[in-house]
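Participant: Before I ask anything, let me first share the structure, which is written out below as structure tokens.
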Amino acid sequence: MKAEDVKIILVLASWSSGSTSVAGYLDKCGAYSCPPHVHTVDERTPNAYEPAEYKQVLGLCIDENTLEATPRVNAFEPFFAGWIAKQRQKAAEAGCGFIVLKHPLQSFMLPAITKIEPDCRIVVVSRPFAKIEATRARRNWAHSFGEAGARQVYGMTYTWLHENNFGYLVVPYERLRSEPELRDEMLTYLDMTPTPQQRAEADAFLK
């Protein structure tokens, strides 16, 4: 497999939305999720399936608490161009035809990401605001990680996608967990064909 043939998948969602489960599911289905990953103190989701270096740079460019751009925001595009090229090579060497990227702050970087990767596929993970807020409260996280931040993240996401005529698939998290047909739809949209063993492991992971 050649690095240039590796396809990029963006999982767009706020914190506490179920996006970790979706990214992990796609990882189990054979996508390369760019380890090492960020780990959390939540025993339900110990692996965030967020590339550690990617998260670090996103956090330098967008303030996690205010969701405002920092003076370093322009550093993201050159970083991403070099970083994703390296990840493509690693994915190809691992025999993975897809890379899955997940972090809430990447919604604020869609102009730069899609400039470099114009053919990426986008999955938006949706979840009711009340459930997002309940998860934030259970984790005792800052308010930007709950409903308040979710309204900003989704507002930014949908506005940019609509203004730029960019295709995407919305996946309601609760339904994805309970409806195998929706998982089929997502995999078809992404052109992913996991092996029966990969699919079985992914389905088990989601439950």
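Participant: Please count how many residues of segment 180-201 are free of Cβ contacts under 8 Å to residues at least 12 places away in the same chain and closer than 14 Å to Val125 by Cβ.
Facilitator: Count: 1.
Participant: Here's another thing I want to ask about it. Starting from residues that are β-branched (Val, Ile, Thr) and loosely packed, with under 15 Cβ neighbours inside 10 Å, keep the ones in segment 63-93 and report whichever is modelled with the lowest pLDDT.
Facilitator: Thr66
Participant: Something else: I'm told Gly59 meets every condition in (1) farther than 22 Å from Gly95 by Cβ; (2) of a type outside the set (S, T, N, Q); (3) surrounded by 20 or more Cβ atoms within 10 Å (Cβ to Cβ) except one. Can you identify the failing condition by its number?
Facilitator: So Gly59 meets the others, but not (3).
Participant: Is it true that Met186 is touching a strand residue (DSSP E or B) at 6+ places or on another chain (Cβ under 8 Å), surrounded by 17 or more Cβ atoms within 10 Å (Cβ to Cβ) and in a loop (DSSP other than H, G, I, E, B)?
Facilitator: Criteria not met by Met186.
Participant: Which residue pairs have Cβ atoms closer than 8 Å, lie 6 or more positions apart in sequence or on different chains, and pair a first residue in segment 124-142 that is touching a residue at least 24 places away in the same chain (Cβ under 8 Å) and closer than 18 Å to Gln106 by Cα with a second residue that is acidic (Asp, Glu) and assigned to a strand (DSSP E or B)?
Facilitator: none
Listed here are the residues, each with its yes/no results for (1) of a type in the set (S, T, N, Q); (2) on the phi > 0 side of the Ramachandran plot; (3) in contact with a Pro (Cβ under 9 Å, 6 or more places away or on another chain).
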position	(1), (2), (3)
Gln106	yes, no, no
Phe129	no, no, no
Thr159	yes, no, no
Asp191	no, yes, no
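Participant: Suppose we keep only residues that are aliphatic (A, V, I, L, M) and surrounded by fewer than 18 Cβ atoms within 10 Å (Cβ to Cβ) within segment 39-56. Which one would you say is modelled with the highest pLDDT? Show your work before the answer.
Facilitator: Of all residues in segment 39-56, those aliphatic (A, V, I, L, M) come to 41, 48, 52.
With the extra rule that they be surrounded by fewer than 18 Cβ atoms within 10 Å (Cβ to Cβ), the set shrinks to 41, 52.
Working: Val41: 64, Ala52: 96.
Out of the qualifying residues, it is Ala52.
Participant: Residues of segment 126-163 being among the basic types (Lys, Arg) and within 17 Å of Glu64 (Cβ to Cβ), which ones? Break it down into steps so the answer makes sense when it comes.
Facilitator: To start, the set of residues in segment 126-163 that are among the basic types (Lys, Arg) comprises 127, 131, 136, 138-139, 151.
Selection gives Arg136, Arg139, Arg151.
Participant: Can you confirm whether segment 30-52 contains a residue that is touching a residue at least 12 places away in the same chain (Cβ under 8 Å) and among the basic types (Lys, Arg)?
Facilitator: no
Participant: Assigned to a strand (DSSP E or B) and either under 17 Å from Phe145 (Cα atoms) or in contact with a helix residue (DSSP H, G or I) (Cβ under 8 Å, 6 or more places away or on another chain) (or both), is that true of Leu10?
Facilitator: Here the answer is yes, as Leu10 does meet what is asked.
The values are calculated or read from the model by the stated rules, or taken from the named source; none is laboratory data. Quantities reported herein were computed from a predicted structural model and do not represent experimental measurements. Every residue, glycine as well, gets a Cβ built from its backbone with ideal geometry; the counts of neighbours run over all protein chains shown.
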